[in-house]
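Here, each number is a calculation from the coordinates, and none is a lab measurement. Values in this document were obtained by computation on a predicted structure and should not be read as measured data. For neighbour counting, all protein chains shown are included, and Cβ atoms are generated from backbone atoms with ideal geometry for every residue, glycine included.
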Amino acid sequence: MTPFQIVALSSLAALVLWEVARLRSAGFSGGSWLVRIGVWLAAAAAVAQPQLLQQLANLLGIGRGTDVLLYLLVFAFFGTSFFLYARTIVLQRQLTQLVRQYALDNAQRRG
């Protein structure tokens with residue numbers, strides 16, 4: 001095992017333990033917690049067994065395992081960006097509605 005693998009796997013193990021501790025103390029719902037744990041465990045598997053990414057690349061017809069990882073990260077980035085943009089639009093509309101309602105309530109009280 002290389003020094004990088006030791007440091008990376010130790011860090012990933014600490015992250016998984018931290019997620020489990022957060023789940024126990026705060027009682028989060030399973031959906032987002034499960035995704036985060038899955039990402040940390042997948043990263044640990046890729047660090048511990050780098051040939052797994054190469055095997056996945058070969059299965060998908062992609063040249064290198066690092067390319068598979070890059071494509072997955074690009075898809076995750078765009079998906080997250082689109083989700084956060086849509087959520088920002090929703091929050092802006094909700095804030096506009098609140099401000100309008102507040103303005104109408106204050107105008108009626110003064111009038």
Which distance in nm do the two modelled labels at Leu59 and Leu72 give, with both placed 7 Å along the Cα-to-Cβ direction?
-> 1.1
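Expressed as a rounded percentage, what relative contact order does the chain have, with Cα pairs under 8 Å and six or more residues apart?
Averaging sequence separation for qualifying contacts and normalising by length gives 17 percent for the chain.
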What 222 nm value per residue comes from the helices of the chain, counting each DSSP H run with n ≥ 4 as -39,500 (n - 2.57) and dividing by all residues, nearest 500 deg cm²/dmol?
-> -31500 deg cm²/dmol
What is the packing order of peptides 56-64, 39-47, taking the mean over residues of other C-beta atoms within 10 Å and listing the highest first?
-> 39-47, 56-64
Descending semi-axes in whole angstrom, ellipsoid equivalent of the chain, from the Cα gyration tensor = 44, 21, 10
Specify, per residue and in Å³, the volume enclosed by the convex hull of the alpha carbon atoms belonging to the stretch 7-55.
-> 55
Among Phe78, Val90, Gln51 - extreme Cα towards positive end, dipole of the chain, charges at beta-carbon = Val90
Where in the chain are the DSSP H helices whose alpha-carbon span along the long axis reaches 30 Å or more and whose Kyte-Doolittle mean is at least 0.0?
-> 3-26, 65-110
Magnitude of the charge dipole, the chain, Cβ model with Lys/Arg +1 and Asp/Glu -1, debye to 20 = 580
